[in-house]
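Reading through the structure tokens given below for one structure.
Computed from the coordinates by the stated procedures, all read-outs in this text should not be read as laboratory data. Bear in mind that the values here come from a model prediction, so they are computed numbers and not experimental data. For neighbour counting, all protein chains shown are included, and Cβ atoms are generated from backbone atoms with ideal geometry for every residue, glycine included.
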């Protein structure tokens with residue numbers, strides 16, 4: 001997931017991002033890069049239009065109740081990319097009747113961030129900014145090791161651990177202090 005998100009972020013500044021640019025996005029948020037995964041992503045995207053792939057995916061999501069709409073005619077960017085370019089697309093995407101937070105969650109889910117509780121924690125932390133949320137979620141893919149470490153220390157509520165890691169910007173030291181200060185929460 002982080003490789004796709006990094007590709008889409010790199011695509012915001014370059015219509016044809018390179019492997020080097022995707023790797024730079026991941027390392028910029030403190031992530032570790034698996035060169036083979038990046039190469040595999042580019043092999044899978046070879047000779048394909050990412051915007052068409054996303055448009056087809058959005059159509060599939062709309063057909064199964066995902067709340068995504070197909071992009072407008074005239075070569076407009078898909079909803080996920082438009083949302084990353086500015087908050088206005090977030091307000092227009094998603095099922096009718098949802099609040100801004102729910103619409104943003106739907107947009108992030110359509111981008112591949114499927115853990116709804118984690119997405120909600122990130123939205124609470126960084127607000128309704130799609131770029132900031134996507135950036136935070138990409139960096140969170142590195143939290144699995146820290147979550148395992150916390151479980152080994154006896155903090156077994158993975159959801160709570162994840163929430164505290166988000167609140168503490170990935171600091172395991174601050175997270176442990178929070179868990180010790182309020183063990184009942």
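Max-minus-min Cα coordinates of region 115-185 on each principal axis give 34, 21, 20 Å, with the largest extent listed first.
Treating r as the C-beta distance of residue 182 and residue 21 and R0 as 41 Å, the FRET efficiency rounds to 0.50.
Per residue, the average separation of C-alpha pairs within less than 8 Å and at least 6 apart gives region 115-185 a relative contact order of 28 percent.
What's the FRET efficiency of residue 149 with residue 13 using the Cβ-Cβ distance as r and R₀ = 41 Å, to the nearest 0.05?
That gives a FRET efficiency of 0.75.
Using only Cα atoms, locate the centre of region 152-168 and the centre of region 1-20, then give the distance between them in Å, rounded to an integer. If we compute the Cα centre of each part, the gap is 30 Å.
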